[in-house]
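**Q** Structure below; questions to follow.
The values are calculated or read from the model by the stated rules, or taken from the named source; none is laboratory data. Computed from a predicted structure; not experimentally measured. Cβ sites come from the backbone with ideal geometry, for glycine too, and all protein chains shown count toward neighbours.
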Amino acid sequence: MCPDREILSAYLDGEVEPPWDRGIEEHLLGCETCRLRLARLEETRRLLQTAPLPDVKAPMERVRRALLAQSMRRPLVLPVWRRSMTVPVPLAVGAVALVLLLSAFLAVSLLRSNVGMVKITKGPAGGTEIQIAAPIGNLETLLKSVDTQESTREDVIKIPKSIRLLPIGEPRMGKAADFLRKKPW
């Protein structure tokens, strides 16, 4: 079986390893077709080595000029963050006013959440009704102060539905109906 052109080219360049290069040499002694192929490869190699290099300066200069001319025709595109923009004055004033309004609303809502409201009224049965709108920290302080007062009066504390309480440990508060059924003391 004859070696293909790539193997013959590698043999000609000295790239075939020693055990196989001897096999190719033996094959070339007995195969006229492979000897002719190898002779053509040697002739091509000799012509390429002796042929003068083509002048590439003129075509390269033409390509360079064409690229420069093309780049001069195209407008320069800046990234978005480097572009200058014009904004109408009413739009800018409206945006600033909106930001200030939202900031004021946020500040007022944060202040209102820290300020509690306590309303104490006398109940219909003679007891005291306390309505509370306060954060949990203030509510705890209020409950402690109500607990330390020694009196025989009955107090009802109504907590707004917006306040969510998490049951932790033994409950100390209950519904009014539960207190009427059995006395906790």
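**Q** Picking from 38, 101, which residue would you name as being modelled with pLDDT of 85 or more, under 42 Å from the mean Cα position of the chain (by Cα) and surrounded by 10 or more Cβ atoms within 10 Å (Cβ to Cβ)?
**A** Among 38, 101, only 101 is modelled with pLDDT of 85 or more, under 42 Å from the mean Cα position of the chain (by Cα) and surrounded by 10 or more Cβ atoms within 10 Å (Cβ to Cβ).
**Q** Keeping to the stretch 42-97, report how many residues are farther than 30 Å from residue 14 by Cβ and part of a helix (DSSP H, G or I).
**A** Adding up the residues that qualify gives 29.
**Q** Taking the stretch 80-96 only, how many residues are surrounded by 10 or more Cβ atoms within 10 Å (Cβ to Cβ) and at pLDDT below 85?
**A** Looking only at that region, the number is 0.
**Q** When only residues in the stretch 1-18 that are outside any helix (DSSP H, G or I) and out of contact with any Phe, Trp or Tyr (no Cβ under 9 Å at 6 or more places or on another chain) count, which is surrounded by the most Cβ atoms within 10 Å (Cβ to Cβ)?
**A** Among those that are outside any helix (DSSP H, G or I) and out of contact with any Phe, Trp or Tyr (no Cβ under 9 Å at 6 or more places or on another chain), it is 16.
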